[in-house]
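Report on the following structure.
The values are calculated or read from the model by the stated rules, or taken from the named source; none is laboratory data. Since we're looking at a predicted model, the values are computed, not measured. Using ideal geometry, Cβ is built from the backbone for each residue, glycine included, and neighbour counts are taken over all protein chains shown. Surface accessibility is based on the protein's heavy atoms, side chains included, excluding ligands, DNA and RNA. Shrake-Rupley method; radii C 1.70, N 1.55, O 1.52, S 1.80 Å.
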Amino acid sequence: MARESRPSFGSRMSRLADDLWQYRMEIVGLLVASWGLITLAAMLELTRGTLVTRFAEGLFLTFGIGAPAVGLSLLLAGTLMVLVSQPLDWRHLTRQVLGLVLLWLACLIGAELASPAREWQFSLGGGTGWLLADGLRRSLGAMVPWLLTVALVAEGLHLVIGFSWRRVARRLRTVLLSAVRRSVKLAGKALTALRTRRRPPAPEEAPTPAVLEEPTEAATAVAESE
């Protein structure tokens, strides 16, 4: 009997590579999620690995209070790559992610503005927040970083939940116009009441004296007969 031919090592590796290529997203997602989870653990001092500890320290120096968001983002992104089998709506997802990034930057700048640091290593917003806030503050004035923070928050909310400045402006305009109209009406009523109180009372008319009627001829005859 002829022996069955076994596949060569190269063909088996090729088949394995083809099989792994079909699950490439799941494999990459698993690696990304694992790294994000380990990074969060290092930030919470639950692990003391040299590489991951240095990575966590670098994130804190670079992003300050925004560093945990990086580890959480890695964990969520890897989890989505593993669990989501259907293609995602990247347009909508990109819009949401961009909005979250803007809100994250606003937090970094706001943290530095709320508690200014002399050096970037001690900034609550990390090197990123310190560089943006301090650079704008020195070049354009103290109000510009605050205005930028408000603008980033507004735009981030608009991208994430559909917040619109136009809607807010229209609503404020309607409320202000209504308040002004009510104030004008109340002011008119108050002026009318004030004028009524200050108006002098009308002079009373003097009573007319009673007119004595002259005696008639009949009355005079009756009086004489008596």
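Restriction of the chymotrypsin sites (Phe, Trp or Tyr not before Pro) in region 21-82 to DSSP coil positions whose beta-carbon has at most 13 other beta-carbons within 10 angstrom yields 23. Using alpha carbons only, the radius of gyration of region 113-169 set against its Kirkwood radius gives Rg/Rh = 1.09.
Compute the accessible area per residue over region 46-203, keeping the other protein chains in place, probe 1.4 Å, unit Å². For region 46-203, the solvent-accessible area averages 74 Å² per residue. Residue ranges 181-188, 25-32 sort as 25-32, 181-188 when ordered by packing (mean number of other C-beta atoms within 10 Å per residue, highest first). Distance between the pseudo-spin-label points of residue 121 and residue 140 (7 Å out from Cα toward the beta carbon): 3.0 nm.
Here residue 24 and residue 101 are evaluated by their C-beta separation; at R0 = 41 Å the FRET efficiency comes out at 0.95.
Fully extending the segment from residue 47 to residue 184, taken as 0.36 nm per residue of separation minus the present Cα-Cα distance, adds 42.6 nm. Close amide H partners of residue 163, meaning residues 5 or more places away or on another chain with modelled amide H under 5 Å apart, are 158.
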